[in-house]
Amino acid sequence: MGKVQLQISRRTFLKSALASGAGVTLATSAMVPALAAPAEETLPPWYYRGAIKSTYSVCDMCPWRCGIIAQSVDGRVYKIDGNPADPKSRGMLCARGQGGVSFMYDPDRLRSPMLRTGERGEGKFQEVTWTEALDHTAQKLLAIAEQYGPESVAIFGHTSGEFWFADYFAQAWGTPNAAKPSSSLCTSPREEASNLTLGFPVGGHEPLDWEGLRCLTLIGSHIGEDSRNTVMQDFANAWARGAKVIVVDPRFSSVAAKADYWLPIKPGTDTALLLAWINVLITEQRYDAEYVAEWAEGFEQLAAHVAEMTPEWAAAITELDAELIRTTARVMADALPQAAIMPGRHVTWYGNDTQRMRAVYSINALLGAYGREGGLYFNKSPYIEAYPHPPFAVAGSAGGCSAEPGAESAELPLGPSGKARADGARTKFLRGATAMQELIEPMITGEPYPIKALIVYGTNLLNTVPDVPRTLEALRKLDLVVVIDVLPMEHVAWADVVLPEAAMLERFDDLWTVAHKTPYIALREPAVEPYADTKPAWWMARELGLRVGLEKYFKWETAEEFVNTRLQTIGYTVDKLREEKGIIVQKGKPYLEDFKSGSPFTTPSGKIELYSEELALSGQDPLPVYTPTAEPPQGYFRLLYGRHPVHTFAKTQNTPLLNQLNPENDLWLNADAAAAQGLKEGDLVYLENQDGARTGPIQVKATQRIRPDVVFMSHGFGRNEPALTLANGRGASDATLITRYVLDPISGGAGMRVNFVRIVKEA
C-alpha cells in the first residue's frame, strides 16, 4: 500500500475532554443462584434502612488499584467511591471501579469448593467441604513433589491476591516456576529495557511528571480506552493546559482524536521511527547536550549507529511522511526537558520489544527528561519491611514475583533439587525471566523436567496464554489442576479442584505498596463478609501451607495479623491506618536535585547506558536495532487488539452493570477494505487466522480511522462458557486467534501481534 499521510488538528477535530453437596455441572446456570432480593416490597430500598458503614480499601477491578471508599448497609456494599486521600485516585473512580459492586453480586459467582467428577474439561463437579478440597489438594501436591520434586508444581497468578500464591506460597514451597501474565505477556520488555538502560524498572505506576509536561508522545498507548483512572485525569489536565500530543498508532484511537499529530504507522516498524527521531535530535543538535554529557554513557556509539537512519530511511519502512517524522522530533525537542515518550504498559508486540523500549528510553535521555520536572520522575517504593519468615526455599520468580529478604539470589533461582526454571530461562532469556507461556511446554514434553501440577490464581488461562490448543493439551497431561477464582471462567471446567475466592471487598490482602512521586502504602480490607462459602486467598494459602508441612512460614493466623506485623516496622497498626483513611504517604526523591550525592541511576556506570555492555557481552545488540516483522499473507489483515474502557481484560464481561454498558466488541475495519469485500457497518462476520482458528460472529465497524492492512478488536469478549450467563457467546475472542507468538530473547516477552486473519461471511 502507499504511504498513509494524515495529520489531525486536535482542537478542530474533537474539543471534548477525555470521558472517562449434590453433583454440579459447570455449564448450568443453576450452579449459582441469584442473590436474594429484599422481600418487603413496600419498604424503601434496603440501602436506606440502616447505618452506612464506610470502609477504606483498594479497588481490584483493574491492576491500577485505586484507593476507594466502600459504602455498605446491613452487610451489603451499595456504592464505591474514590478515596480523596489516595495519591492515585484522588477521589475519582472509573466506570470499572464503580462496577465493582455489580461484580461482587454477579449471580454467576462460584459459591463453594468443588472436586471434579467427570473427565477433565467436561465441567462436572461435586460440591465438597473446604476440608475435603484442601486435604485432597495437599495429598496430591505432596505425592507429586515426592516423585518429581517441588519445582514440578507451577503457579500462575494475577490481580492483588496473587501475592499469597504466586509469591509467598511459591517461594515457601520451593518452586521457581511461578509466573504472571502481567510480566511475560505485557510489561517485561519495558522493565528489562529500563533495567539495562537506567538500572531500575519502570514499576507499575508510569512516572510521567504530568504537572509540568509540555509534550507527550504516545506509541500504542490507548489513553481513554485502556482506562486507568489517574492517567485519564492527568492527560485531560495536560491537554487542557495546551501540552502538545503526538500519537503513533495504526488506528485513530480516542487519544489520537486529542493529538496535534497522528502518525498512522505501519505495524511492526515502530523502532525504525524511533531511530529516525534519534537521528534528527542528534544531527540537528536538538538534544540536551549538557544533560547527556553529565548523565549518559555511550552517546558517541549511539550517534554513529543512527547516522544513516534518516527520516527518509524510516519513511520507506514505516509508510509515514519523512517531513512528518522530522517535524514531530522537533516538536519534542522544542519542549525539552518537559517532554517524554510514555513507556506504555502492554508492550509485548513483535518479539523485538526490549530493543524498541531501549530506543524509547534513549530518546527520553536525549530530551533530558529523567529526574526533571515535567519529564519523568524517579519513583521509589515506600519503606516497609516484609513479613518476617525463615529463608524461603527459592527466590521470587523473575516472572513478576518479588524476592524478599532471606531468599536466594533472584538472578539464578534454583529449586531444592538444584534444577532451574522449567522454561530454561537461565539460558533462553538474557534477563532470567520466567515466561508464563514457556511453562506450558514442560507440561507437555517433560523437558527440561516435567511440570505435573498447576495452581491458577485469578488468571483466565484460555483468554490469556497464547495458543489455546497448546494450553488445552498441557491441561490434559497434568496430574493436578487447581483453580482459584471468583467466577466460573472457561478454564474452571478444566480443574480438578475449584476453590471459590471471596471478592475484593470481602477479604484482606497484603498491603498495596506503590512506587510513586510520593511513595505510599494502602490498606486492602473487607467491607462485608464473604459471599456463600467463599474464602480469601490468604486463608487458602495458609491452610494449604499447613497441610503440606510449611508451618514455619505460616505462623500468623489472620491476614490482619500479617499486615499488622508489617505495619509495626514503620510505627503503624491497622487501626491507625484506618484512622488515616487507609493511606500512608511517604516522602520520595523524584528529581535529580534530591540526590545530594551519588547517582539515581544504578547501572554499572552509574549513568544512563545508551550503549549496553551487558547486551554486548551476551551477544545481543548493545544499541537499539530495527528488526522487520512478518507481513500478512495475501487476503489477510494483521490482527491488533487492545483494552476496552469499560472492561478489564477478560474479567468483567459477565459483570451485570458493565455488561449492560458494553456487552460485546466490534471489528474495526478500514471502510475501503470493507467495501472491497462487500461489507458495511453493522454486518456480522467471522474471523479465521492463518492456522484455521475461527471466532465470531462480530459486528463490522467500517471506518477510515484505521489503516487498510489491519483489523482491531477489544480483548476479552467471545466467551465460551455457558455458566457465564451474560457474557457467553457475545462478540469474538482475540485469544482464539492468537496461535503464534515470537519470543523476545532478552526479556522473554511473547510478541503476539504476529497473527493474521481473514474475514469470513458465513459460520
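The values are calculated or read from the model by the stated rules, or taken from the named source; none is laboratory data. All values reported here derive from a predicted model rather than from experimental measurement. A quick note on method: Cβ atoms are made from the backbone with ideal geometry, for glycine too, and the neighbour counts reach across all protein chains shown.
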> Residues Ala316, Ala333: which one is more than 29 Å from the chain's Cα centre (by Cα) and either under 23 Å from Lys607 (Cβ atoms) or at pLDDT below 95 (or both)?
Replying inline: Ala333
> Which ones in the stretch 579-603 are surrounded by fewer than 14 Cβ atoms within 10 Å (Cβ to Cβ) and under 29 Å from the mean Cα position of the chain (by Cα)?
Replying inline: Lys587, Thr602
> Here is a list of conditions, (1) touching a strand residue (DSSP E or B) at 6+ places or on another chain (Cβ under 8 Å); (2) modelled with pLDDT of 95 or more; (3) buried (at least 19 other Cβ atoms within 10 Å of the Cβ); (4) not aliphatic (A, V, I, L, M), and Phe554 meets all of them except one; can you say which number that is?
Replying inline: (1)
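With the structure loaded, tell me whether Ala243 is in contact with a strand residue (DSSP E or B) (Cβ under 8 Å, 6 or more places away or on another chain), modelled with pLDDT of 95 or more and within 17 Å of Ile706 (Cβ to Cβ) or whether it fails that test. Explain how you work it out, then say what you get.
On the way: in contact with a strand residue (DSSP E or B) (Cβ under 8 Å, 6 or more places away or on another chain): yes; modelled with pLDDT of 95 or more: yes; within 17 Å of Ile706 (Cβ to Cβ): no.
Spelling it out, it is not the case that Ala243 is in contact with a strand residue (DSSP E or B) (Cβ under 8 Å, 6 or more places away or on another chain), modelled with pLDDT of 95 or more and within 17 Å of Ile706 (Cβ to Cβ).
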> Does the stretch 527-550 contain any residue that is under 22 Å from the mean Cα position of the chain (by Cα), buried (at least 23 other Cβ atoms within 10 Å of the Cβ) and not in a helix (DSSP H, G or I)?
Replying inline: no
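Considering only the stretch 686-697, how many residues are in a strand (DSSP E or B) and surrounded by fewer than 24 Cβ atoms within 10 Å (Cβ to Cβ)?
Our first condition is that a residue be in a strand (DSSP E or B); within the stretch 686-697, this holds for 686-689, 694-697.
Now restrict to residues that are surrounded by fewer than 24 Cβ atoms within 10 Å (Cβ to Cβ): 686, 688-689, 694-697.
Summing the residues that are in a strand (DSSP E or B) and surrounded by fewer than 24 Cβ atoms within 10 Å (Cβ to Cβ) in the stretch 686-697 gives 7.
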> Inside the stretch 608-622, can you point out the residues that are farther than 19 Å from Ala303 by Cα and not small (Gly, Ala, Ser)?
Replying inline: Glu614, Leu617
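So that you can scan it fast, the table gives a plain yes or no per residue for (1) in a strand (DSSP E or B); (2) surrounded by 22 or more Cβ atoms within 10 Å (Cβ to Cβ); (3) modelled with pLDDT of 95 or more:
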| position | (1), (2), (3) |
| --- | --- |
| Gln699 | yes, no, yes |
| Val711 | yes, yes, yes |
| Ala732 | no, yes, yes |
| Ile746 | no, yes, no |
| Val757 | yes, yes, yes |
> Since His158 meets every condition but one in (1) more than 22 Å from the chain's Cα centre (by Cα); (2) under 26 Å from Leu724 (Cα atoms); (3) not small (Gly, Ala, Ser), which condition does it not meet?
Replying inline: (1)
>> So for the stretch 116-130 (the condition being in a helix (DSSP H, G or I), over 12 Å from Cys59 (Cα atoms) and either assigned by TED's automatic domain parsing to the domain that holds Ser72 or not acidic (Asp, Glu) (or both)), does at least one residue qualify?
In response: yes
>> On the basis of being at pLDDT 95 or above, surrounded by 20 or more Cβ atoms within 10 Å (Cβ to Cβ) and under 27 Å from Ala630 (Cα atoms), does Leu274 make the cut?
In response: yes
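Got a number for residues in the stretch 63-81 being more than 17 Å from Arg228 (Cβ to Cβ) and aromatic (Phe, Trp, Tyr)?
First pass over the stretch 63-81, keeping only residues more than 17 Å from Arg228 (Cβ to Cβ): 69-79, 81.
Okay, now just the ones that are also aromatic (Phe, Trp, Tyr), so 78.
Residues that pass the stated criteria total 1.
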>> Checking Val754 against (1) closer than 20 Å to Pro181 by Cβ; (2) in contact with a Leu (Cβ under 7 Å, 6 or more places away or on another chain), only one condition comes out false. Which one?
In response: (2)
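Being closer than 23 Å to Asp533 by Cα, in contact with a Ser or Thr (Cβ under 6 Å, 6 or more places away or on another chain) and not small (Gly, Ala, Ser): is that true of Glu162 here? It would help to see each step written out before you state the result.
On the way: closer than 23 Å to Asp533 by Cα: yes; in contact with a Ser or Thr (Cβ under 6 Å, 6 or more places away or on another chain): no; not small (Gly, Ala, Ser): yes.
No, not satisfied.
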> Here is a list of conditions, (1) over 19 Å from the mean Cα position of the chain (by Cα); (2) under 19 Å from Arg542 (Cβ atoms), and Lys477 meets all of them except one; can you say which number that is?
Replying inline: (2)
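Looking for whichever is in a helix (DSSP H, G or I) and under 30 Å from Tyr56 (Cα atoms) here; the options are Ser188, Ser89, Ser182. Which one fits? Even if it seems obvious, please write down each step before you answer.
On the way: Ser188 fails: under 30 Å from Tyr56 (Cα atoms); Ser89 fails: in a helix (DSSP H, G or I).
Answer to the check: Ser182.
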>> Given the criterion touching a strand residue (DSSP E or B) at 6+ places or on another chain (Cβ under 8 Å), assigned to a strand (DSSP E or B) and surrounded by 21 or more Cβ atoms within 10 Å (Cβ to Cβ), identify the matching residue among Leu505, Leu499.
In response: Leu499
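So which residues in the stretch 555-578 are among the aromatic types (Phe, Trp, Tyr) and under 29 Å from the mean Cα position of the chain (by Cα), if there are any at all?
Step one: filter the stretch 555-578 for residues among the aromatic types (Phe, Trp, Tyr), giving 556, 562, 572.
Answer for the stretch 555-578, where residues must be among the aromatic types (Phe, Trp, Tyr) and under 29 Å from the mean Cα position of the chain (by Cα): just Phe562.
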>> For the stretch 714-730, give me each residue that is buried (at least 24 other Cβ atoms within 10 Å of the Cβ) and on the phi > 0 side of the Ramachandran plot.
In response: Gly716, Gly718
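Conditions (1) surrounded by 21 or more Cβ atoms within 10 Å (Cβ to Cβ); (2) of a type outside the set (Val, Ile, Thr), marked per residue:
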| position | (1), (2) |
| --- | --- |
| Arg643 | no, yes |
| Thr648 | yes, no |
| Asn654 | yes, yes |
| Ala671 | no, yes |
| Gln677 | no, yes |
| Glu681 | no, yes |
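Could you tell me whether Thr434 is out of contact with any strand residue (DSSP E or B) (no Cβ under 8 Å at 6 or more places or on another chain), crowded, with 21+ Cβ neighbours inside 10 Å and of a type in the set (S, T, N, Q)?
Working: out of contact with any strand residue (DSSP E or B) (no Cβ under 8 Å at 6 or more places or on another chain): no; crowded, with 21+ Cβ neighbours inside 10 Å: yes; of a type in the set (S, T, N, Q): yes.
Here the answer is no, as Thr434 does not meet what is asked.
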> Which one of these does Val492 not meet: (1) in contact with a Phe, Trp or Tyr (Cβ under 8 Å, 6 or more places away or on another chain); (2) in a helix (DSSP H, G or I)?
Replying inline: (1)
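Which residue is surrounded by the fewest Cβ atoms within 10 Å (Cβ to Cβ), if the candidates are limited to the stretch 172-190 and must be farther than 28 Å from Leu505 by Cβ and more than 15 Å from the chain's Cα centre (by Cα)?
Applying the first criterion (farther than 28 Å from Leu505 by Cβ) to the stretch 172-190 yields 173-177, 184, 188-190.
Checking the rest, the ones that are also more than 15 Å from the chain's Cα centre (by Cα) come to 173-177.
Values: Trp173: 27, Gly174: 19, Thr175: 28, Pro176: 33, Asn177: 32.
So, considering only residues that are farther than 28 Å from Leu505 by Cβ and more than 15 Å from the chain's Cα centre (by Cα), the one surrounded by the fewest Cβ atoms within 10 Å (Cβ to Cβ) is Gly174.
Is it the case, given these coordinates, that Thr55 is modelled with pLDDT of 95 or more and outside the structural domain of Arg524 (by TED's automatic domain parsing)? I'd like the intermediate steps shown before the answer.
Numbers: modelled with pLDDT of 95 or more: yes; outside the structural domain of Arg524 (by TED's automatic domain parsing): no.
Judged against the criteria, Thr55 is not a match.
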